[in-house]
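Okay, so here's the structure we're looking at.
Nothing in this text is a laboratory measurement; each read-out follows from the coordinates by a stated rule. It should be emphasised that the depicted structure is a prediction, and the values quoted were computed from it without experimental measurement. Positions of Cβ are generated from backbone atoms using ideal geometry, with glycine treated the same way; all protein chains shown enter the neighbour counts.
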Amino acid sequence: MPNELFSTEEHPLMRNVTKIRVKIFILDMSKILTIDQGTTSSRSIIFDSNAEIVEISQKEYPLIYPNDGWVEIDPSALINSVTDTLSNINLDDICSASITNQRETTIVWDRKSGNPIYNAIVWQDRRTENFCSSIKDKEILKEISERTGLLLDPYFSATKIKWILDNVEDAKVKAKEGNLCFGTVDTYLMYVLSKGSIYKTDITNASRTMLFNINTLTWDKYLLDLFDIPESMLPEVANSDDSFGSLSECNNIYVNAVLGDQQAALFGQGCLNAGDLKSTYGTGCFLMSNIGLKPLTSKQGLLTTIGFSFNNQIHYAVEGSIYSAGTVIQWLRDNLKFFKESSESEKFLNLDANANGVHFIPAFTGLGAPYWDSNIRASFHGITRDTTKKDLINAAFNSISYQTKDIVDCLEKSEINVKSLSVDGGMATNKTFVSHIANVLNIPIQVPKNTESTAKGVACLAGITAGLMNIDLLEKQEKKVCNPDTNLNKIMEDDYRLWKQLINENISP
């Protein structure tokens, strides 16, 4: 309800007249709308000025797997999932909107009609592996790495755009004529929800395309020429906390914060200073460390990327990407029918992570950091006649913990001292799994009271930008600490070495 202010002050000309009471209505515009667009679902969330969730709506949609290693989304299903969630919440009294999204996922559409010319190609997709493998020139690979902070891999948007231009009829001609638009999901959402008036992306999403120079903060002509992509296809790049424009299809709410999902979680966990570290367990797992105001090159298979912009400063980060985390649990639930709800998986987990000698390679679409192998596929090893469902579940969860250790070890080799780790995402609610991470890493694990760090992070960026929130909401947020068990650390480290040996035996030469 609006607040009511009453004025009974007497005007000099009204001294002999009956006093008039004037009622003024002031709307309580103190809420932030966050559109959180993920790999398998979309959510619309309303936060109050204390960064607490007031209302939330979520809708899942299916992924499409046309061929081995291919992953797509029907763009209409993606947009409908967003608009359906928006229609299920109250958009009154919203001060500002923010967007966080799955990164690298690539959409190309016709500039005149606004219709996509192909399905969205998802970040997990590996169809461009042959093209990436064909580029063996060390100077070219060095240029890509130095300009973008990334490694040449199908994971990123550039080769996905190239594939669409090379394989969709007339696409290359239309692109060269300036009639096609490319966007990561944030760009496509703003374009559709603004009826084409917003054609922008933010620097965190741009930094994941392999077309953006993270040193000059511009689209890079060398890379555009390398992948044969016209610059006319690309959106304007803005800071994460910039003014993006209003969403005419959404009550004309103004967008003033956009972050890729992992960068949003970095901000949401309060990782605002160099050395601060978080790991998000969603569809995949992404471990990211704030490295300060200058990019640094990792030689350990990690990526350098833009963390976020805040108060006119660009914060950089290094990241280790794990392709399959929550995906593994969904597979155990939906394909193997081991449990009906993902939350039920915890009752199968042993405190000591014992999987009875079984190990799992979680490579449905290859392995990310530090292996970067697109060809390896998922498999169980060590199954015997007495192997049980419980053993398979423990082995699957262990593979996620062990991949986390892979990346933390790479950070340590890059002289990033990891003393503790903040975790978030759906799997962070699984207390046994969190204890496994603490034990295998042998460091304290911090779990925020609100594990929705991604949505909260971009909402806080919007709220701080709009003057509704204080940075203390992030810096002083409540977190629970899970400390490691020394004895269980020894057990898990021994098993990790066996798993690591198995991985090395199976990755491509």
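Quick notes
- Working ranking of peptides 495-502, 337-344 by packing, defined as the average number of other Cβ atoms within 10 Å per residue, highest first, is 495-502, 337-344.
- Most positive-pole-ward Cα, 279, 183, 123, against dipole of the chain from beta carbon charges: 279
- Pairwise centroid distance, computed over Cα atoms, of segment 219-251 with segment 408-470, Å: 29
- If the segment from residue 55 to residue 141 were pulled out straight at 0.36 nm per residue, it would be longer than the present Cα-Cα gap by 26.3 nm.
- Evaluating 6.51 cos²θ - 1.76 cosθ + 1.60 at θ = phi - 60° for every residue in segment 438-451, the Karplus couplings come out as 4, 5, 6, 8, 6, 9, x, 10, 9, 10, x, 4, 9, 7 Hz, glycine and proline recorded as x.
- 3J(HN,Hα) along segment 362-378: x, 10, 4, 10, x, 10, x, 5, x, 8, 6, 10, 7, 8, 5, 10, 5 Hz, from the Karplus curve 6.51 cos²θ - 1.76 cosθ + 1.60 with θ = phi - 60°, whole Hz, x for Gly and Pro.
- Under-5 Å amide H pairs with residue 70, H placed in peptide plane, nonlocal only: 126
- For segment 268-302, the residues whose backbone nitrogen is under 18 Å from a point 7 Å from the Cα of residue 415, taken along Cα to Cβ, are 274-276, 289-302.
- Residues whose amide H comes within less than 5 Å of that of residue 307, counting only those at least five positions distant or on another chain, are 315, 316, 317 (H built at 1.01 Å from N in the peptide plane).
- Whole-Hz Karplus values for segment 336-348 come out as 8, 6, 6, 7, 8, 10, 4, 5, 6, 4, 4, 5, 8 Hz, taken residue by residue from phi with 6.51 cos²θ - 1.76 cosθ + 1.60 and θ = phi - 60°; glycine and proline positions read x.
- In terms of distances greater than 27 angstrom between alpha carbons, the cross-link table entries 59/221; 160/405; 142/413; 160/195; 340/476 yield 59/221; 160/405; 340/476.
- Bridge type composition, the chain - antiparallel percent by DSSP, nearest 5: 75
- Each label point was placed 7 Å from the Cα along the Cα-to-Cβ direction; for residue 216 and residue 476 their separation is 4.4 nm.
- Around the Cα centre of segment 31-268, unit charges on the Cβ atoms of Lys, Arg, Asp and Glu (plus for the first two, minus for the last two) sum to a dipole of about 440 debye.
- In segment 37-121, the inverse of the mean reciprocal separation of distinct Cα atoms equals 14.5 Å; this is its Kirkwood hydrodynamic radius.
- Note on segment 375-509: the C-alpha convex hull projects to 11.1 nm² when averaged across all orientations.
- Segment residue 254-residue 67, length gained on full extension (0.36 nm per residue, minus Cα span): 63.3 nm
- Long-range tail of P(r) for segment 306-391 (Cα pairs > 21 Å, %): 49
- Among 82-91, 154-163, 479-488, the peptide with the highest mean count of other Cβ atoms within 10 Å heads the list, and the full ranking is 154-163, 82-91, 479-488.
- With both labels modelled 7 Å from their Cα along Cα-to-Cβ, the residue 176 to residue 273 distance reads 5.4 nm.
- Projected area, mean over directions - segment 281-430, Cα convex hull, nm²: 10.3
- Segment 341-403 - convex hull of the alpha-carbon atoms, volume per residue in Å³: 98
- Charge tally in the Cβ shell below 15 Å around residue 64, where Lys, Arg are +1 and Asp, Glu are -1, residue 64 excluded: -2
- Normalised convex hull volume, segment 458-499, alpha-carbon set, Å³ per residue: 106
- Projecting label points 7 angstrom from Cα along Cα→Cβ for residue 231 and residue 501 puts them 5.4 nm apart.
- Counting only DSSP H runs of at least 4 residues, each contributing -39500 (n - 2.57), and dividing by the residue count of the chain, the helix-based mean residue ellipticity at 222 nm comes to -9500 deg cm²/dmol.
- Of every Cα-Cα pair in segment 31-268, the percent that sits beyond 23 Å: 47
- Stretch gain in nm, segment residue 296-residue 337, where the contour uses 0.36 nm per residue and the Cα spacing is subtracted: 10.3 nm
- log₁₀ of I(q)/I(0) at q = 0.06, 0.13 Å⁻¹ - the chain, Debye sum with one point per alpha carbon: -0.29, -1.27
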